[in-house]
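Worksheet: one structure, shown below.
The values are calculated or read from the model by the stated rules, or taken from the named source; none is laboratory data. As the structure is a computational prediction, the values presented were derived from the model and not from experiment. Cβ placement follows ideal geometry from the backbone for every residue including glycine, while neighbour counts extend to all protein chains displayed. Protein only, heavy atoms only, side chains kept; ligands, DNA and RNA dropped before computing areas. Shrake-Rupley method; radii C 1.70, N 1.55, O 1.52, S 1.80 Å.
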Amino acid sequence: MSGRLTRRGLLGAGGAAALGLGAAIGIPPLMNRLLPGGEPGRLLRSALPLPARYTAELPVPAVLRPVRSDADADYYEITARRATVRLLPGHDTEVWGYQGTFPGPTVESRSGRRTVVTHRSELPRPTAVHLHGGHTPQDSDGHPLDLVGGSAAHHDMPGMAGTDGMAGAEGATVLAQRAYTYPMAQRAATLWYHDHTMGFTGPQVYRGLAGFHLVRDEEEAALGLPHGPRELPLMIADRSFAADGSLAYPELPGGAPGVRDAYMNGVLGDVMLVNGAPWPLARVDRAWYRLRLLNAANARRLRLALDPQPAGGGALVQIGSDGGLLERPLRHDGVDLAPAERCDVLVDFSRYPAGTRVRLLNRLGDGPAGEVMAFEVGSAAADDGFRLPDRLATVERLDPAKAVATRTFVFRKGEQHWTVNGEEYRPGRSIAAPRLGQVEVWRFVTDFHHPVHLHLDPFQVLGRTSGRPGRNDTGWKDTVDVLPAQGVEVAVRFTDYAGRFLLHCHNLEHEDMAMMAEFTTTE
Ligand code: C2O
Ligand code: CU
């Protein structure tokens, strides 16, 4: 099989009838509900005046210290709790945060060295913690029913059982604390951890349950990439605020899981936060910087570009993707990021004259959502000695010719909820049983926008219905932006851990509204 994928090829693959044929099979005309910029979702407007842009200083989440270390592991403890923080000037906002902060603290791991994070929760609802992009055995993967709760009083889980048409949640286990063990047998990469609770991931991540988890390794260290104050993890998320400064989310009444019907396509906010600050400003030297971009929005897709572009363009030099370093740097004028995707870019701010204010725009956003943050280029012409290498890393290619199976997954609207292959998520029902160590070809097909995410192992994009992989599909990915009438074909090979894992849409409203499924890896 070549890397090219034709529309005919996909349709011929069977099970792909949803591709652009919604009317024929009775799907509501979702395409009509897309916003002008092609955005899935619906804007929830803030009920307070939006803050001025570029006044808040860019916060950088603190790096968490291990509570102890031994010969082969580092141990961390994190408590999720409510906290009152200042996100907007003049307003108090309650967040649900890891260690009471939003974003949570950054965890840093060394590739090959075990990391054990014990999570506790003082939240009014249980939580499950997933390390997104982690190569993690099942029991530490944050399955939506493997929950962490606080005291007994917190074990009340309205809506968790027999949930309004969503399959019931019997089988949930709630522990007072859970030690998540991450073997970290994986490459350096920008991972993130976030809530993954059955039916409530949308509102719980929205309230703040998300943080960075960076993995470092020798291969990357040898490149001498910008580091310290010149390495900035940037968690980009849109949010909406009520008049009293609280985070606004269109929850269902009575604590039921999911989101109100009008927001089923996704919740869009009108305040762009970076690391929890609205449209922040970062002062930078005239030097190379490393920006680890993460789209942590529930539903909003981003098209990020610097403005102005430096003479000659190509300001965003991509060095890494979801699953770590690319083989070679890739220059972009702009990068697309669907929810949960990461893009690791270098920017040489010495290409700008001192005093330039460089904005990071979102070209898919209207009005306030069209701007993200700004960099103020200082006068210090710091020669950091960094030279961009031609080659970054060795990237193994998965060979689709060796694939032992081809599977098709159709993501579409069902009667009431979102579905994968026509079924709403039901814990314990497995829809595929890939063998460990074998290459498979997985096809994702839809008539809408769905950022499709696989747990356990990353994959490589082979092609899209429109032809070759897109510019943002390079390297190891764990989330891919599947577009209307643009099926995506990936090569994937699951390794090491037998068990049940998830594939789902990472639009969190779609995920909570049942667009999730399990697969079982076998020896
Ligand atoms: Cu980022 Cu299954 O999630
Ligand atoms: Cu989706």
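Examine the range 506-522 for a residue that is touching a helix residue (DSSP H, G or I) at 6+ places or on another chain (Cβ under 9 Å), away from ligand 1 (no atom under 16 Å from the Cβ) and not hydrophobic (A, V, I, L, M, F, W, C), and state whether such a residue exists. Within the range 506-522, none of the residues are touching a helix residue (DSSP H, G or I) at 6+ places or on another chain (Cβ under 9 Å), away from ligand 1 (no atom under 16 Å from the Cβ) and not hydrophobic (A, V, I, L, M, F, W, C). Applying the condition of being within 26 Å of ALA299 (Cβ to Cβ) and open to solvent by 10 Å² or more (accessible area, probe 1.4 Å) to the range 439-450 and asking which residue is farthest from ligand 1 (Cβ to nearest atom) yields ASP447. Evaluate the range 332-348: report whether one residue or more is outside any strand (DSSP E or B) and over 16 Å from THR190 (Cα atoms). There is at least one residue in the range 332-348 that is outside any strand (DSSP E or B) and over 16 Å from THR190 (Cα atoms).
Residues considered: PHE519, PHE459, PHE494. Of these, the only one that is open to solvent by less than 20 Å² (accessible area, probe 1.4 Å) and within 18 Å of the chain's Cα centre (by Cα) is PHE459.
Scanning the range 451-466 for residues that are within 16 Å of ligand 1 (Cβ to nearest atom) and in contact (Cβ under 8 Å) with a residue 60 or more places away in the chain returns PRO451, HIS453, HIS455, LEU456, ASP457, PRO458, PHE459. Of the strands (runs of 3 or more DSSP E) contained entirely in the range 392-456, those carrying at least 1 residues that are of a type in the set (Phe, Trp, Tyr) fall at 405-413, 418-420, 439-446. Pick from LEU325, LEU330, LEU361, LEU337: which is among the hydrophobic types (A, V, I, L, M, F, W, C) and touching a Cys at 6+ places or on another chain (Cβ under 8 Å)? LEU337 is the lone residue from the list that is among the hydrophobic types (A, V, I, L, M, F, W, C) and touching a Cys at 6+ places or on another chain (Cβ under 8 Å). Do you know which of the residues in the range 365-386 that are open to solvent by less than 20 Å² (accessible area, probe 1.4 Å) and of a type outside the set (Phe, Trp, Tyr) is modelled with the lowest pLDDT? The qualifying residue modelled with the lowest pLDDT is GLY365. Pairs are defined by a Cβ separation below 6 Å, a sequence spacing of at least 6 or placement on different chains, a first member in the range 124-135 that is of a type in the set (Gly, Ala, Ser), and a second member that is away from ligand 2 (no atom under 16 Å from the Cβ) and open to solvent by 10 Å² or more (accessible area, probe 1.4 Å); the pairs so defined are ALA128/ASP146.
What's the total number of residues in the range 478-491 that are in contact with a Gly (Cβ under 6 Å, 6 or more places away or on another chain) and buried (at least 23 other Cβ atoms within 10 Å of the Cβ)? Walk me through it before giving the result.
So the first thing to find is which residues in the range 478-491 are in contact with a Gly (Cβ under 6 Å, 6 or more places away or on another chain), and the list is 478, 485, 489.
Then keep just the ones that are buried (at least 23 other Cβ atoms within 10 Å of the Cβ); that gives 478, 489.
The total comes to 2.
Among residues that are at pLDDT below 95 and crowded, with 21+ Cβ neighbours inside 10 Å, GLY199 is included.
Yes or no: GLY467 surrounded by fewer than 24 Cβ atoms within 10 Å (Cβ to Cβ), over 30 Å from LEU330 (Cα atoms), more than 12 Å from ligand 2 (Cβ to nearest atom) and outside the structural domain of GLY324 (by TED's automatic domain parsing)? Considered against the rule, which asks whether it is surrounded by fewer than 24 Cβ atoms within 10 Å (Cβ to Cβ), over 30 Å from LEU330 (Cα atoms), more than 12 Å from ligand 2 (Cβ to nearest atom) and outside the structural domain of GLY324 (by TED's automatic domain parsing), GLY467 comes out as no. For the range 251-281, a residue qualifies if it is in contact with an Asp or Glu (Cβ under 7 Å, 6 or more places away or on another chain), under 30 Å from GLY385 (Cα atoms) and part of a strand (DSSP E or B), and exactly one does: LEU281.
Residues to consider are PRO40, PRO29; find the one that is in contact with a helix residue (DSSP H, G or I) (Cβ under 7 Å, 6 or more places away or on another chain) and modelled with pLDDT under 95.
Values: PRO40 fails: in contact with a helix residue (DSSP H, G or I) (Cβ under 7 Å, 6 or more places away or on another chain).
On inspection, the qualifying residue turns out to be PRO29.
Once the range 315-334 is narrowed to residues that are open to solvent by 10 Å² or more (accessible area, probe 1.4 Å) and free of Cβ contacts under 8 Å to residues at least 40 places away in the same chain, the residue that is farthest from ASP512 (Cα to Cα) is ARG331. In summary, GLY245 fulfils each of the numbered conditions (1) out of contact with any helix residue (DSSP H, G or I) (no Cβ under 8 Å at 6 or more places or on another chain); (2) open to solvent by 10 Å² or more (accessible area, probe 1.4 Å); (3) not hydrophobic (A, V, I, L, M, F, W, C) with the single exception of condition (2).
Looking at ARG110, ARG125, can you tell me which residue is closer than 30 Å to VAL452 by Cα, crowded, with 20+ Cβ neighbours inside 10 Å, more than 16 Å from ligand 1 (Cβ to nearest atom) and basic (Lys, Arg)? Break it down stepwise before answering.
Values: ARG110 fails: crowded, with 20+ Cβ neighbours inside 10 Å.
Unique residue meeting the criteria: ARG125.
Taking PRO233, is it free of Cβ contacts under 8 Å to residues at least 12 places away in the same chain and either surrounded by fewer than 18 Cβ atoms within 10 Å (Cβ to Cβ) or part of a strand (DSSP E or B) (or both)? For PRO233, the condition - free of Cβ contacts under 8 Å to residues at least 12 places away in the same chain and either surrounded by fewer than 18 Cβ atoms within 10 Å (Cβ to Cβ) or part of a strand (DSSP E or B) (or both) - is not met. With respect to (1) within 16 Å of ligand 1 (Cβ to nearest atom); (2) open to solvent by 10 Å² or more (accessible area, probe 1.4 Å); (3) touching a Phe, Trp or Tyr at 6+ places or on another chain (Cβ under 7 Å), the lone exception for LEU436 is condition (1). The single condition from (1) open to solvent by 40 Å² or more (accessible area, probe 1.4 Å); (2) touching a strand residue (DSSP E or B) at 6+ places or on another chain (Cβ under 8 Å); (3) free of Cβ contacts under 8 Å to residues at least 24 places away in the same chain that GLU415 fails is (2).
You will find that of ARG286, ARG303, the residue that is surrounded by fewer than 21 Cβ atoms within 10 Å (Cβ to Cβ), in contact (Cβ under 8 Å) with a residue 40 or more places away in the chain and assigned to a strand (DSSP E or B) is ARG303 and no other. Here the range 371-420 is the region considered, the condition is being of a type in the set (Gly, Ala, Ser) and in contact with a Pro (Cβ under 9 Å, 6 or more places away or on another chain), and the residue that is farthest from ASP512 (Cα to Cα) is ALA374. Restricting attention to the range 53-68, the residues that are open to solvent by less than 70 Å² (accessible area, probe 1.4 Å) and free of Cβ contacts under 8 Å to residues at least 12 places away in the same chain total 1.
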